[in-house]
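Report on the following structure.
Read the figures in this text as sums done on the coordinates, not as results from a lab. Computed from a predicted model, the values in this text were never measured in an experiment. Because the Cβ atoms are built from the backbone with ideal geometry, glycine has one as well, and the counts that use them run over all protein chains shown.
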Amino acid sequence: MKRVGLFTTFFEATSGYSLIGVAETQINALLDRGYDPAVLVQENFTYAEPPSIWRPEVLDIQPVIPEMQLNQGMAEDFGERVEAIYTALDGALGDVDVCITHDIILQDWYKEHNIAMRQYAANRPDLLWLHWIHSCPSPGNATTYPDNCRHTPPPGYIIYPNATDAARVCQAYGLAGQEWRVKATRFGHAIDPLVLWPYDKLTKELAAGADLFGGEVVAVYPVRLDKGKQPEKIIRLLAGVQRAGYEPRLLVIDWQSSGERFQRYINELLALADGLGLAGKVHFTSRLDDRCNQGVPRRTVTELLDLSNVYIHPSRVETYSLVVHEAMLRGCLCVLNHDFPVMRELFDENAIYMDFGSDRVHRHYEPDEQTFWNDEALRLLAEMRQNRAVLAKMTARREWNPSSLWKQFEPLLYLPAVGA
């Protein structure tokens, strides 16, 4: 496994500075997959408090980069500054196979770091450099030292978040004929909402246990498992979603359902899911975690709604539904019971409606119940596909997270080293 280093100029890691967030995404992904990254920071680096990863007991943080007042001109002691940074690199990168930098080759005030990096690279032809840049560079024609370091090819590769500007990057760094040295990936800007937002620990564990991020159509259903709540209708609808080629997930947040009859009902519902091909895609909180035997805290319920994109409410009888109200506040597409007039009175055109049956309307599905719900699943998917907010939420959560984009990142670590 490659030894990865990150060459940064960070002096703290608690602000909202975007480069810190990008570096943290890379570090977390490396740690999660067994890598042991070395992170070079400034000598005056301030360690963070738990639960941040920016602590020496969690991460190999090396405060070796000299602290210096940076400016856009050329300092009188420029040579001494370069030498000090070179010495730091020489002492910290000896066992590193891949070195990642962030904006070192882009920003004018990092000229000393840029030159020191190039000098060190000349003596380490085996070291692979991956230079992330986070702004579109401007072409330049500087030919004098040290300004030319920002307009000549660096050692290794330039990593950029989009392919649209790749030609501009090549032009800015004189890479005509070497366009292959600019790699486009959005991995550095991947977002894991479980890391970004302060979700409760139980929320994170339930989301992972139910694999909510693996779904395209993701529903949670907070409910006391009375048969009048009809969770089997949700299971049948999501079986239709899967039949249409989409990945469904359902997490039933069962409240005070530890009694024998409730457990029998859960077994029936899981057997139905298995029979419809949804094995491993339908979960109950009481079965995922013993702490949830009597219910789930309200905060966790609302956070799980936040991690879903569809709320399906097939209940036969209600006076009002707070959870529908909460699901709408969380931006979920709501599917409500057309056969229960109260739903239409309360929520009007702010949801789509399906024929779930009620204590007032008995439904006989033709030609059979599952065929009916397969057809209704297509209507649900059509609604989702034309709702850009719901579609964007689904895509960002499922496809633009670090786990999904890891396959773009790891191959970069195994590119062949190339000189300037």
>> Assuming 0.36 nm per residue, please report the length gained on full extension of the stretch E83 to E12 beyond their Cα-Cα distance.
In response: 23.2 nm
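Quick one: if the Förster radius is 35 Å, what FRET efficiency do Q370 and V58 give, using the C-beta to C-beta distance and rounding to 0.05? Mind dumping the intermediate values first?
Numbers: r = 50 Å, r/R0 = 1.42.
That gives a FRET efficiency of 0.10.
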>> Just to confirm the number: angle between the C-alpha axis of helix 78-92 and the first principal axis of the chain, 0 to 90 degrees, nearest 10?
In response: 50 degrees
>> Taking the beta-carbon count within 10 Å as an exposure proxy, list H362, H189, H131 from fewest neighbours to most.
In response: H362, H189, H131
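Mind giving me the FRET efficiency for A396 and R287? R0 is 30 Å, r the Cβ-Cβ distance, nearest 0.05 is fine.
Numbers: r = 29 Å, r/R0 = 0.96.
Between A396 and R287 the formula returns 0.55.
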> Given H placed 1.01 Å from N in the peptide plane, which residues other than close sequence neighbours of R363 have an amide H under 5 Å from its amide H?
Replying inline: S358
> Which net charge results when you count Lys and Arg as +1 and Asp and Glu as -1 among the other residues whose beta-carbon is under 12 Å from that of K281?
Replying inline: -3
> Under the Karplus relation 6.51 cos²θ - 1.76 cosθ + 1.60, θ = phi - 60°, what is the ordered set of whole-Hz ³J(HN,Hα) values for region 153-158, x standing for Gly and Pro?
Replying inline: x, x, x, x, 10, 9
> Across region 380-388, in residue order, what do the Karplus-derived ³J(HN,Hα) couplings come to in whole Hz, using 6.51 cos²θ - 1.76 cosθ + 1.60 with θ = phi - 60° and x for Gly and Pro?
Replying inline: 4, 5, 4, 5, 5, 5, 9, 9, 5
> In Å and whole numbers, how far do the C-alpha atoms of the chain stretch along each principal axis, longest first?
Replying inline: 86, 43, 36
> Roughly how tilted is helix 260-275, in degrees to the nearest 10 and between 0 and 90, from the longest Cα axis of the chain?
Replying inline: 70 degrees
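Can you tell me how much longer the chain between S403 and E43 gets when fully stretched, taken as 0.36 nm per residue apart minus their C-alpha distance, in nm with one decimal? Show your work: numbers first, answer last.
Numbers: separation 360, 0.36 × 360 = 129.60 nm, distance 3.21 nm.
That works out to 126.4 nm of additional length.
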> Which residues' amide hydrogens lie under 5 Å from the amide hydrogen of I65, considering only partners 5 or more residues apart or on another chain, with H built in the peptide plane?
Replying inline: V41, Q42, E43
> For the charge dipole of the chain, defined by +1 on Lys and Arg C-beta atoms and -1 on Asp and Glu C-beta atoms about the Cα centroid, which residue among Q72, V252, A207 has the Cα displaced farthest towards the positive pole?
Replying inline: V252
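Arrange the following residues from fewest to most other Cβ atoms within 10 Å of their Cβ: V169, V241, V64. All intermediate terms of the calculation are to be shown ahead of the outcome.
Numbers: V169 23, V241 27, V64 20.
With the fewest neighbours first, V169, V241, V64 line up as V64, V169, V241.
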> What share of all Cα pairs of region 1-150, in percent, falls into each consecutive 5 Å distance bin?
Replying inline: 2, 9, 18, 23, 21, 15, 8, 3, 1, 0
>> Below 8 Å between Cα atoms, with a sequence gap of 6+, how large is the relative contact order for the chain in percent?
In response: 14 percent
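Determine the calculated [θ] at 222 nm for the chain from helices alone, applying -39500 (n - 2.57) to every DSSP H run no shorter than 4 residues and normalising by the residue count; nearest 500 deg cm²/dmol. Intermediate values should be presented prior to the final figure.
On the way: 15 runs with 158 residues, N = 420.
The per-residue figure over the chain is -11000 deg cm²/dmol.
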> Hey, what angle do you get for helix 111-123 against the long axis of the chain, alpha-carbon based, 0 to 90 degrees rounded to 10?
Replying inline: 80 degrees
>> Whole-Hz ³J(HN,Hα) for each residue in region 285-298, computed from phi via Karplus 6.51 cos²θ - 1.76 cosθ + 1.60 with θ = phi - 60°, x for glycine and proline: what do you get?
In response: 4, 5, 8, 7, 8, 4, 5, 9, 4, 9, x, 10, x, 4
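Write down the Å³ per residue value for the convex hull defined by the alpha carbon atoms of region 194-398.
Values: hull volume 23.3 nm³, N = 205.
Per-residue hull volume (Cα only) is 114 Å³.
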